[in-house]
Structure formats: C-alpha cells, structure tokens
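Please read the structure below before turning to the comments.
The values are calculated or read from the model by the stated rules, or taken from the named source; none is laboratory data. Computed from a predicted structure; not experimentally measured. Note: ideal-geometry Cβ built from the backbone for every residue, glycine included; neighbour counts use all protein chains shown. For accessibility, only protein heavy atoms count, side chains too; no ligands or nucleic acids. Shrake-Rupley method; radii C 1.70, N 1.55, O 1.52, S 1.80 Å.
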Amino acid sequence: MIETPTFPPLLSGEVVPRNMDPFEKAVSRAVAGVDSGTVFYSEAGDTLRAALVLAPETPLEEAIQAVYVAQIGLAESLGALAPPEVPVHFLWPDRIKVNGAVCGKVRFAADVSDPDEQPNWLVVGIELPFIPQGDDPGANPNETCLLEEGCSDVMPMALLESWSRHTLLWLTYLLDEGAERIHKEWRPRCDTLGEQVETPKPGVFVGLDEKGRMLLRDGPMTETISLIQFAEQV
C-alpha cells in the first residue's frame, strides 16, 4: 500500500484520523477558508473516503457539474487499475456501479443553494468500499465492494492518487470547454439512460440537458431535476 499518496500539481492532500469523516472535515475547513484544491482523505483500508474542496468562479448550476467530473474521474481510475473486464457505470445522481451493483457514491455540498448564486466553496467527495460492509455479504445483492468484483489488487491510496489526477484533468476540461464535453463523457457510462427509473421519482430517464439537469419523462410530460437538490445540507 502507498503510505502517503502523491497528488498532482494544484492539488494537495491532508489526511484525517480514521474515525473522522473526510467529507465533513472538508466542509468545516472550507467554511473556515481552506485553500481550493485541498483533498481530505482517510487511510482506512476498508473504504476509500476522500473529499476535494473547490472554489468555483461560476454560479452553482455550472459549478455543480464537478459532481459528474468526480464520477468520471473515479470510473477512469478504476478502468486503469482494475481488471479490464470490470465495468463501471453511474446511477443518477450520485451512485457508482461496478459489475452492475452499487459500489460507492459521490457526495457534494456547497454554501449556497440558489442555482444562480456563486458559491464560496463546493466540496465533492467519494466513498468506495473495498471489503464487505456487513457480516453477511449476500444480504444486499444490489450492493457490492471491490474485493467481491475481482479488484483485490487495487489499493485505496493508489486509487486516490489516480482519482485526483483524472479528476483534475476533467476539471480542466470543464473550465476550458464547458460542460458539454463532460456530459458527453458521462452519458455512455450511465446504464439507466433511456430506461424506466424509480429514483428520484418514476419516469423514463431520457438524458441530461445543457445544464446537466436530469430529463425525466412521465407520459407526455418531461421535467428537469437538478443535482443541486441532492446536495448535502451543512
């Protein structure tokens, strides 16, 4: 296992105690004014938990596209480190799927909720289980962990390093080119696109609009649902 992860330029790491939630730590430090680009992480080996603090220069509705960026970064990292036959997909708005079962999630929070307001900070975090979370691995057949999917050679700190690099790259694309490229990369990895879904409400998930909002069709009506609605309250 990598003892101390190495982060790419523009990002820096800060480890938190194993009994502390890196996401909550990142939020508290963001409120206090920590530098953008700081990654808070836990070295616990059972689950990768990490959170990146950002200081957006755009309204929240644009900045929240970083959630998709974090998902793409995680998928690309697993694609690089896991066996090639292991598929990684997304479940809108925040779940990661490995081999068709939920395996972790993305978390996010900001200091504003108005789509048109520019946040002072945005925290985007990831949680990915490496080993079964309970005593009975078969208790939740729709949930999995990396060990159960043949990824025993993937180490948490190596995945963290890779995630930070891929996420920074896609954040650069977001800043330089806008959200269209992000959405184009995200859509094929979402295995419920075009399907009937029950979450966040029943309907057919027909795609993302130009602002990254879910397009959900129910009969003749199509409504938009923003990621902002699923941000954690802090």
Is there any pair with a first residue in the range 29-57 that is acidic (Asp, Glu) and a second that is surrounded by 24 or more Cβ atoms within 10 Å (Cβ to Cβ) and modelled with pLDDT under 95 whose Cβ atoms are under 8 Å apart and which are 6 or more apart or on different chains, and what are they? none
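Please determine whether any residue of the range 112-127 is over 26 Å from Ser226 (Cβ atoms) and either open to solvent by 10 Å² or more (accessible area, probe 1.4 Å) or in a helix (DSSP H, G or I) (or both).
No - not one qualifying residue is present in the range 112-127.
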How many residues are of a type in the set (Asp, Glu) and either surrounded by 14 or more Cβ atoms within 10 Å (Cβ to Cβ) or under 18 Å from the mean Cα position of the chain (by Cα) (or both) if we restrict to the range 210-234? 1
Could you check Trp163 against (1) open to solvent by less than 20 Å² (accessible area, probe 1.4 Å); (2) in a helix (DSSP H, G or I); (3) modelled with pLDDT under 95 and say which number it fails? (3)
Of the residues that make up the range 86-94, is at least one aromatic (Phe, Trp, Tyr), more than 18 Å from Thr167 (Cα to Cα) and within 12 Å of the chain's Cα centre (by Cα)? yes
The condition from (1) more than 30 Å from Val206 (Cβ to Cβ); (2) part of a strand (DSSP E or B); (3) charged (D, E, K, R) that Lys25 misses is numbered (2)
Have a look at Leu227, Leu193, Leu208 and point out the one that is in contact (Cβ under 8 Å) with a residue 60 or more places away in the chain, touching a Lys or Arg at 6+ places or on another chain (Cβ under 8 Å) and of a type outside the set (D, E, K, R). Leu227
I'd like to verify a number: residues in the range 1-42 that are basic (Lys, Arg), at pLDDT 95 or above and either exposed (fewer than 14 other Cβ atoms within 10 Å of the Cβ) or more than 19 Å from Ala70 (Cβ to Cβ) (or both), how many? 0
Restricting the range 43-56 to residues that are touching a helix residue (DSSP H, G or I) at 6+ places or on another chain (Cβ under 8 Å) and either among the hydrophobic types (A, V, I, L, M, F, W, C) or closer than 16 Å to Ala110 by Cβ (or both), the residue that is surrounded by the fewest Cβ atoms within 10 Å (Cβ to Cβ): Ala44
Can you tell me which residue within the range 176-209, out of those that are more than 27 Å from Phe23 (Cβ to Cβ), outside any helix (DSSP H, G or I) and among the acidic types (Asp, Glu), is most open to solvent (accessible area, probe 1.4 Å)? Glu195
Checking the structure you have, find out if any residue of the range 129-136 is crowded, with 22+ Cβ neighbours inside 10 Å and of a type in the set (Gly, Ala, Ser). no
